[in-house]
1. Can you sort Tyr26, Tyr83, Tyr94 by solvent-accessible area, 1.4 Å probe, largest first?
2. Report the calculated FRET efficiency for Asp66 and Glu96 (r = Cβ-Cβ distance, R0 = 30 Å), to the nearest 0.05.
3. Can you give the FRET efficiency to the nearest 0.05 for Glu84 and Thr29, using r as the Cβ-Cβ distance and R₀ = 30 Å?
4. With r defined as the distance between the Cβ atoms of Trp105 and Val11 and R0 fixed at 35 Å, what FRET efficiency is calculated, to the nearest 0.05?
5. What figure in square angstrom, to the nearest 10, would you give for the accessible area of Glu46 with a 1.4 Å probe?
6. With every protein chain left in place and a probe of 1.4 Å, what is the accessible surface of Trp50, to the nearest 10 Å²?
7. How much solvent-accessible surface does Phe35 expose, in Å² to the nearest 10, with a 1.4 Å probe and all protein chains in place?
8. List the lysines whose alpha-carbon lies under 21 Å from that of Lys54, not counting same-chain residues fewer than 8 positions away?
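The values are calculated or read from the model by the stated rules, or taken from the named source; none is laboratory data. Everything numeric here is computed off the predicted structure, so don't read it as measured data. Glycine also receives a Cβ, built like all others from the backbone with ideal geometry; neighbour counts cover every protein chain displayed. For the accessible areas, the whole protein counts, side chains as well, though only heavy atoms, and no ligand, DNA or RNA atoms are used. Shrake-Rupley method; radii C 1.70, N 1.55, O 1.52, S 1.80 Å.
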Amino acid sequence: MAHSNLRRMKVTMPHSSGWNEGRRFYEPTDFFLWFPHSNIKKITKEFTEWVPDKCEELKNGFEKYDPEKTGYINFDQFMEVMYEEMPNEIKLQYPEHAIRTVGRWYAEKVHGPLLP
């Protein structure tokens, strides 16, 4: 099996010209990917705009799937309740990925309430 020697080094970007001034190297920002629908702080901040008005409906929806009052429902049930109660204009802004992010954040962990 061949071993490669990995080491820290500058890597030239494709299509960079010349050896000096025109030569460009990859930088950390070139590898940064930002997925706004995976940003729990952004999502929960924006959800505070509609969740307070839907607290009772959300609570009833969650309790419907937790008749024994265990404090837990499964992920699909969580998704269903959230999409059922989410205002239509919000649904257009937040794909399923955003709701999954919220569900994963609160899944079997205690991070505090969704509301401030």
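1. Numbers: Tyr26 85, Tyr83 60, Tyr94 10 Å².
Reading off the accessible areas and sorting them downward yields Tyr26, Tyr83, Tyr94.
2. About 0.85, to the nearest 0.05.
3. Numbers: r = 40 Å, r/R0 = 1.33.
The value I calculate is 0.15.
4. 0.50
5. 60
6. Accessible surface of Trp50 is approximately 10 Å².
7. Phe35 has an accessible surface of roughly 120 Å² with all protein chains in place.
8. Lys41, Lys42, Lys45, Lys64, Lys69, Lys91
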